[in-house]
Amino acid sequence: MSVTSAPNRPATPEERRRTIRRRVLTAVVIVLLIGVPAGYLVISAQQSRASGRDKEAESSVTGLRDSWPSKMKRRVFEVPIPGGSTEVAYFETSNWKSSRLYVEFTTTGSGLDDFLNDVGTGRAALDGRDVTISDRDARTVGWTFPEGRDWSATTHRQKKPRPSQDITVDLTDPAAPRVRVVSTATP
């Protein structure tokens, strides 16, 4: 028996178009199934890396940063900086035992009253004979409390897990009090 094969005939223009269309469709499907997810992964990785760099830069800062802490930090540590405050600076530390937010700002007399009321205390709680910020906390951010200044301070304790605040105010210029706060949150 002999096997006969179909003679090699040239493809018709319609068969050629169908072959090209099938190859283009296959290429498009491959790009959609592989290329798009791969591109998404590359973009996602770059965004994640950038976010990590931002957090690393913030955590590597030592000492006070000349800017406002984020609203979230102010809310978590319950440090309501009055609007219009100037010379605002902050620093945050965290470890497994506690987290601290160090904040300093200059405000007005009424801004100080608003701040103290929002924290949950008042000007009457300020004691002119004491600085409530510990030496350790002061060293952490480079604060000094020199003699000859009109220092007043209070400690506002709250039930855990809410933070407690050590507040020391320089009232040397009553129209522009300088507030220093260490808010400590423990889990």
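Under the condition of being open to solvent by 50 Å² or more (accessible area, probe 1.4 Å) and either within 10 Å of Thr107 (Cβ to Cβ) or among the aliphatic types (A, V, I, L, M) (or both), which residue from the stretch 73-90 is nearest to the chain's Cα centre (by Cα)?
Only one residue tops the list, namely Val76.
Please state which one of Trp68, Trp96 is open to solvent by 50 Å² or more (accessible area, probe 1.4 Å), at pLDDT 90 or above and aromatic (Phe, Trp, Tyr).
Trp68
Would you mention how many residues in the stretch 138-148 are surrounded by 14 or more Cβ atoms within 10 Å (Cβ to Cβ) and under 21 Å from Pro174 (Cβ atoms)?
Within the stretch 138-148, residues that are surrounded by 14 or more Cβ atoms within 10 Å (Cβ to Cβ) and under 21 Å from Pro174 (Cβ atoms) number 2.
Keeping to the stretch 147-166, report how many residues are modelled with pLDDT under 90 and in contact with a helix residue (DSSP H, G or I) (Cβ under 6 Å, 6 or more places away or on another chain).
Counting residues in the stretch 147-166 that are modelled with pLDDT under 90 and in contact with a helix residue (DSSP H, G or I) (Cβ under 6 Å, 6 or more places away or on another chain) gives 0.
Checking Gly122 against (1) of a type in the set (Gly, Ala, Ser); (2) open to solvent by less than 30 Å² (accessible area, probe 1.4 Å); (3) modelled with pLDDT of 90 or more, which single condition isn't satisfied?
Answer for Gly122: the failing condition is (3).
Tell me, please, whether a residue that is of a type in the set (S, T, N, Q), buried (at least 20 other Cβ atoms within 10 Å of the Cβ), in contact (Cβ under 8 Å) with a residue 12 or more places away in the chain and under 23 Å from Asp66 (Cα atoms) can be found in the stretch 100-117. Explain how you work it out, then say what you get.
We begin by selecting, within the stretch 100-117, every residue of a type in the set (S, T, N, Q); these are 106-108, 110, 117.
Filter once more, keeping what is buried (at least 20 other Cβ atoms within 10 Å of the Cβ): 107.
Subsequent filtering for residues that are in contact (Cβ under 8 Å) with a residue 12 or more places away in the chain retains 107.
Narrowing the set further to residues that are under 23 Å from Asp66 (Cα atoms) leaves 107.
For the stretch 100-117, residues of a type in the set (S, T, N, Q), buried (at least 20 other Cβ atoms within 10 Å of the Cβ), in contact (Cβ under 8 Å) with a residue 12 or more places away in the chain and under 23 Å from Asp66 (Cα atoms): present.
Looking only at the stretch 149-165, filter to residues that are under 22 Å from the mean Cα position of the chain (by Cα) and under 23 Å from Ser110 (Cα atoms); which one of those is least open to solvent (accessible area, probe 1.4 Å)?
Filtering the stretch 149-165 for residues that are under 22 Å from the mean Cα position of the chain (by Cα) and under 23 Å from Ser110 (Cα atoms), the one least open to solvent (accessible area, probe 1.4 Å) comes out as Gln165.
Evaluate the following for Thr132: is it in a loop (DSSP other than H, G, I, E, B), hydroxyl-bearing (Ser, Thr, Tyr) and open to solvent by 50 Å² or more (accessible area, probe 1.4 Å)?
Taking the combined requirement at face value, the residue does not satisfy it.
The values are calculated or read from the model by the stated rules, or taken from the named source; none is laboratory data. These numbers come from a predicted model, not from an experiment. Heads up, the Cβs are rebuilt from the backbone with ideal geometry, glycines too, and the neighbour counts pull from every protein chain shown. The protein model used for the area step is the full one, side chains on, heavy atoms only, and it has no ligands, DNA or RNA in it. Shrake-Rupley method; radii C 1.70, N 1.55, O 1.52, S 1.80 Å.
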